[in-house]
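Right, one structure below, let's go through it.
Laboratory data are not the source of any read-out in this text; all were calculated from the coordinates shown. Remember, it's a predicted structure, so these values are computed and weren't measured experimentally. Every residue, glycine among them, receives a Cβ derived from its backbone with ideal geometry; neighbour counts consider all protein chains shown.
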Amino acid sequence: MAAKPSPPPTTKYLNHNAFERLMMLIATLVQYPGVGYLQKDETAKGHHKALEEVHQYVLKTAEQQGITLEKCTPASLHKDIKALRQYGILDEKKMYPGATSWAPGQWDYQTWQR
C-alpha cells in the first residue's frame, strides 16, 4: 500500500501554533546567520547536532518575542525547514539552515553575489 502523501506546506500552517513556529524559525535564521553551526562542540562520537542547536535558538528567539511555542521539537523544525526549501527560501543542497559553506564574516558582499 502506498504511503499517504503529505499535505502541501500551506495547509500545515493554517494551524496558529505551526505558523508561529515557522515565523520564529525564520526570525531565528535572520537573527543568527549560520545557526546550527555556531556552537562547534561535537559529541563524543564526532557528530555535531545542528538541528538541536537550531531548536535552542528558535526557543530563545520566541522567548525574546514573548511567544510560547507549543509542540516545537527538532522533528517539527525539520519539517519546517523542508517547507522553507519547497518555497526556495533555503538552499536545497544544505541539510540544515546553518550548514553553509561560509562562516559569519568570511565572505564579503561581492563574493556572496556569485
Point to revise | Ranked list, fewest to most other Cβ atoms within 10 Å of each Cβ, for 81, 89 | key: 89, 81
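Sorted from fewest to most neighbouring beta carbons within 10 Å, what does the list 14, 29, 59 look like?
14, 59, 29
Give the order of 52, 20, 70 when sorted by the count of other beta carbons within 10 angstrom, beginning with the fewest.
Numbers: 52 13, 20 18, 70 10.
In order of increasing Cβ crowding within 10 Å: 70, 52, 20.
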